[in-house]
Amino acid sequence: MIITTGDHSAAEPVQRAMALSSKSGARFVPRNRTSLSKLSQRYGDDDILVILEGGARLHRTGAEPLTFHPSMAFVRAKRVLRGEPDTMLEAAGVRPGDTIIDCTAGLGSDSSVFSLGAGPTGRVIALEDSLSLWALLTEGLAYYESGVALYDAALRRIETRHVHHLEALREMPAKSADVVYFDPMFRDPIMESSAISPLRTFANNEGLSEETIEEACRVARRSVVLKEKKGSSEFARLGFQEVGRSHTKIVYGVISLDE
């Protein structure tokens with residue numbers, strides 16, 4: 001992955017790009033008004049993260065660019081802030097002060113809602129296996145501004161880690177989190193979901209293993225939660241009890257654990 005800036009960048013995005021390069025190990029390349037296609041050809045790398053004021057944009061040769069944006073999570077967040085229920089938070093049994101591991105963070109949509117549910121005293125750890133997505137997520141959480149201060153504060157509280165979820169879970173102490181959560185790429189995608197299609201290009205599309213769920217059950221105190229399509233065979237394969245509203249396409253599977 002290459003990290004660069006926009007064509008006419010101020011000093012602040014350049015400093016952020018250089019800092020992220022140092023943190024991630026990816027190459028920082030000054031833009032100098034060079035096209036992204038030429039940068040890709042020159043350095044032999046298809047993935048380019050462009051650091052912008054207020055966020056970042058991820059490019060891959062031949063794919064639609066991906067920009068950090070909370071999408072429908074922002075709508076859900078505003079409902080939570082109004083005191084309305086959220087199906088995911090209810091399924092997971094989230095309480096203020098909880099520690100939550102989002103094992104398949106993507107662009108952090110569910111992490112942001114978890115962060116609101118856990119509150120300022122809680123902790124959300126967002127794991128992402130793809131270096132490109134992790135970098136975009138890290139920049140977005142740190143610099144995206146929604147115009148709602150409480151939501152932006154929830155974004156800033158999320159801790160990101162570039163790591164495969166199974167590797168991370170293996171290293172975590174038993175009963176060290178309240179909730180462990182998975183939202184993998186669906187085996188049978190919902191094609192009309194315009195928000196998911198660009199993300200699928202960059203994400204790790206592998207299914208969950210039985211060992212992963214065993215480790216999640218070891219780490220979690222209260223629940224392990226899986227987001228999937230209604231009627232998915234993954235729930236039965238991995239030992240989850242399906243919950244959720246009957247009229248929705250997306251539901252949650254839960255493994256409840258003794259605290």
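The values are calculated or read from the model by the stated rules, or taken from the named source; none is laboratory data. All figures in this text were calculated on a predicted structure; none of them were measured in a lab. Counting neighbours? That spans all protein chains shown, and the Cβs are built from the backbone with ideal geometry, glycine included.
Structure data summary
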quantity	calculated
Number of the condition not met by residue 107 [criteria: (1) touching a Pro at 6+ places or on another chain (Cβ under 9 Å); (2) at pLDDT 95 or above; (3) closer than 17 Å to residue 227 by Cα]	(2)
Tabulated pairs, the range 217-243, first touching a residue at least 60 places away in the same chain (Cβ under 8 Å) and small (Gly, Ala, Ser), second buried (at least 17 other Cβ atoms within 10 Å of the Cβ) and part of a helix (DSSP H, G or I), C-beta under 7 angstrom, 6+ apart or interchain	223/92
Residue ID - surrounded by the fewest Cβ atoms within 10 Å (Cβ to Cβ), chosen from residues in the range 156-170 that are without any contact (Cβ under 8 Å) to a residue 60 or more places away in the chain and either aliphatic (A, V, I, L, M) or assigned by TED's automatic domain parsing to the domain that holds residue 20 (or both)	163
When residues of the range 161-180 are limited to those that are aliphatic (A, V, I, L, M) and assigned to a loop (DSSP other than H, G, I, E, B), the one nearest to the chain's Cα centre (by Cα)	163
Filter pass, residue 146 being surrounded by 24 or more Cβ atoms within 10 Å (Cβ to Cβ) and touching a Pro at 6+ places or on another chain (Cβ under 9 Å)	no
Residues of the range 171-186 satisfying the condition of being surrounded by fewer than 16 Cβ atoms within 10 Å (Cβ to Cβ) and within 19 Å of residue 206 (Cα to Cα)	185
Residue 11 vs. criteria modelled with pLDDT under 90 and over 24 Å from the mean Cα position of the chain (by Cα)	yes
Qualifying residue in the range 92-107 (condition: assigned to a helix (DSSP H, G or I), surrounded by 21 or more Cβ atoms within 10 Å (Cβ to Cβ) and assigned by TED's automatic domain parsing to the domain that holds residue 230)	yes
Selection count where residues are of a type outside the set (Asp, Glu) and in contact with a helix residue (DSSP H, G or I) (Cβ under 9 Å, 6 or more places away or on another chain), scope the range 34-61	14
Of the criteria (1) crowded, with 21+ Cβ neighbours inside 10 Å; (2) touching a residue at least 60 places away in the same chain (Cβ under 8 Å); (3) more than 23 Å from residue 51 (Cβ to Cβ), which one residue 137 fails	(3)
Pairs where the first residue, in the range 101-125, is touching a residue at least 12 places away in the same chain (Cβ under 8 Å) and the second is of a type in the set (Ser, Thr, Tyr) and assigned to a loop (DSSP other than H, G, I, E, B), C-beta under 7 Å, 6+ apart	109/71
Some residue of the range 100-108 being closer than 24 Å to residue 136 by Cβ and of a type in the set (S, T, N, Q)	yes
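Conditions tested, residue by residue: (1) assigned to a strand (DSSP E or B); (2) surrounded by fewer than 14 Cβ atoms within 10 Å (Cβ to Cβ); (3) at pLDDT 90 or above; (4) outside the structural domain of residue 103 (by TED's automatic domain parsing).
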site	(1), (2), (3), (4)
216	no, no, yes, no
221	yes, no, yes, no
228	yes, no, yes, no
231	no, yes, no, no
234	no, no, yes, no
237	no, yes, yes, no
242	yes, no, yes, no
247	no, yes, no, no
252	yes, no, yes, no
